[in-house]
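> Just passing along the structure, written as structure tokens.
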Amino acid sequence: MSDIQNAAIIGAGLAGCYLAQQLTKAGIATTVFEKSRGTGGRLSSCRLGEGSADLGAPYFDATTDEFRDWIKTQPNIVQWCDISSPATPAPTRYTATPRQSALTRALLSDSTLCAATRIASIQEHSDGRKQLITDDQQTYGPFDAVFVCAPAQQAADLLSPEPDFADIASRVQPTMNWVIVIEVEVEDSTEVNHYEAPHLVIARAIKDSAKPGRKASAENRETWMIEADADWSRVHEDADADWVYETLLSAFAAVLARPFNVTGKRTHRWLYSRHINPVIGSLWNEKNRIGACGDWLDIRGVEGAWRSAHDLSQRVLARTKAG
């Protein structure tokens with residue numbers, strides 16, 4: 001066996017959590033560090049009144065057989081045939097239940113999670129292995145290997161011990177998006193579960209409470225995730241969050257064309273919503289034991305994050321099994 005006995009992963013999004021699962025299955029003790037309070041990254045969920053709703057990616061598609069085959073093995077992933085409009089067929093998409101973040105939590109069942117822990121740098125330990133330093137100067141380690149699974153702009157700083165990797169990360173172009181999540185009281189349930197059409201302010205609106213395993217906190221209530229148009233978000237990147245909420249809510253009310261009363265709300269700015277990038281797969285320096293993965297190294301979205309982590313795990317474990 002290789003001498004990789006323990007590893008650190010920075011970032012508890014899908015890429016980091018899937019990589020952690022694969023390493024622990026191979027017998028490598030894995031510790032995952034996440035700056036937020038919970039797992040999920042762009043699959044995260046949020047509290048909304050007495051219930052919860054998905055704050056990030058509301059669903060995902062599968063374009064490759066490899067990803068579809070993996071989906072079939074995950075008990076908490078189900079198909080969702082959402083109603084885009086009464087006149088068109090409902091496309092098949094996938095979502096985790098009872099919320100998107102349940103998927104990442106399940107993948108970490110055999111790993112150690114250090115949440116609310118922001119890693120500032122990767123440094124050399126006195127014995128040649130790696131140690132992690134937090135922004136408040138706490139030290140973790142040493143570790144035989146470190147994997148950075150954060151968005152490219154955050155990964156660029158963390159990957160400073162590997163200048164070529166840091167350069168790749170720094171060249172990735174991110175896009176940002178404002179989103180709001182609301183719970184509304186309605187007289188009757190809306191027929192449409194997914195709105196997506198050309199609009200100056202709204203990119204799409206998804207009825208979260210219509211997804212499998214979800215429900216609003218009470219009868220005659222619905223939860224919606226409303227994502228702002230990317231160009232509009234870029235223009236208003238530094239706008240006041242309350243103004244963003246009121247603008248998106250007003251636009252959504254006009255689209256829905258029916259009365260409702262808001263009973264819960266959340267506004268969030270995704271600074272690294274999507275990436276414009278070349279498809280590399282993953283980064284791995286076997287000599288220095290530093291690697292990176294994420295959708296910024298593959299196709300965008302949930303599938304890209306999984307593909308990149310899968311690629312990295314195969315590269316690492318192929319050497320582990322041969323060592």
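> Which of the strands (runs of 3 or more DSSP E) contained wholly in segment 123-201 include at least 1 residues that are at pLDDT 95 or above and of a type in the set (Lys, Arg)?
Correct list: 130-134.
> Continuing with this model, one more query. Taking the condition open to solvent by 10 Å² or more (accessible area, probe 1.4 Å), of a type in the set (Asp, Glu) and farther than 30 Å from Ser282 by Cα, does Asp188 pass?
Criteria met by Asp188.
> Evaluate the following for Gln137: is it of a type outside the set (A, V, I, L, M), farther than 29 Å from Asp298 by Cβ and open to solvent by 10 Å² or more (accessible area, probe 1.4 Å)?
Considered against the rule, which asks whether it is of a type outside the set (A, V, I, L, M), farther than 29 Å from Asp298 by Cβ and open to solvent by 10 Å² or more (accessible area, probe 1.4 Å), Gln137 comes out as yes.
> Could I ask something else about it? Would segment 212-228 turn up any residue that is acidic (Asp, Glu) and more than 20 Å from Gly56 (Cα to Cα)?
The answer is yes; a qualifying residue exists.
> For segment 40-118, list the strands (runs of 3 or more DSSP E) that sit wholly inside it and hold at least 2 residues that are at pLDDT below 95; which are they?
45-48, 51-54, 77-81, 92-96
> Which of the residues belonging to segment 18-35 are touching a Lys or Arg at 6+ places or on another chain (Cβ under 9 Å), within 29 Å of Pro58 (Cβ to Cβ) and open to solvent by 30 Å² or more (accessible area, probe 1.4 Å)?
Within segment 18-35, just Lys35 meets the criteria.
The values are calculated or read from the model by the stated rules, or taken from the named source; none is laboratory data. For clarity, every value in this text was computed on a predicted model and none was experimentally measured. Neighbour counts are summed over all protein chains in view; Cβ atoms, including those assigned to glycine, are modelled from backbone coordinates with ideal geometry. Heavy atoms of the whole protein, side chains included, go into the accessibility calculation; ligands, DNA and RNA do not. Shrake-Rupley method; radii C 1.70, N 1.55, O 1.52, S 1.80 Å.
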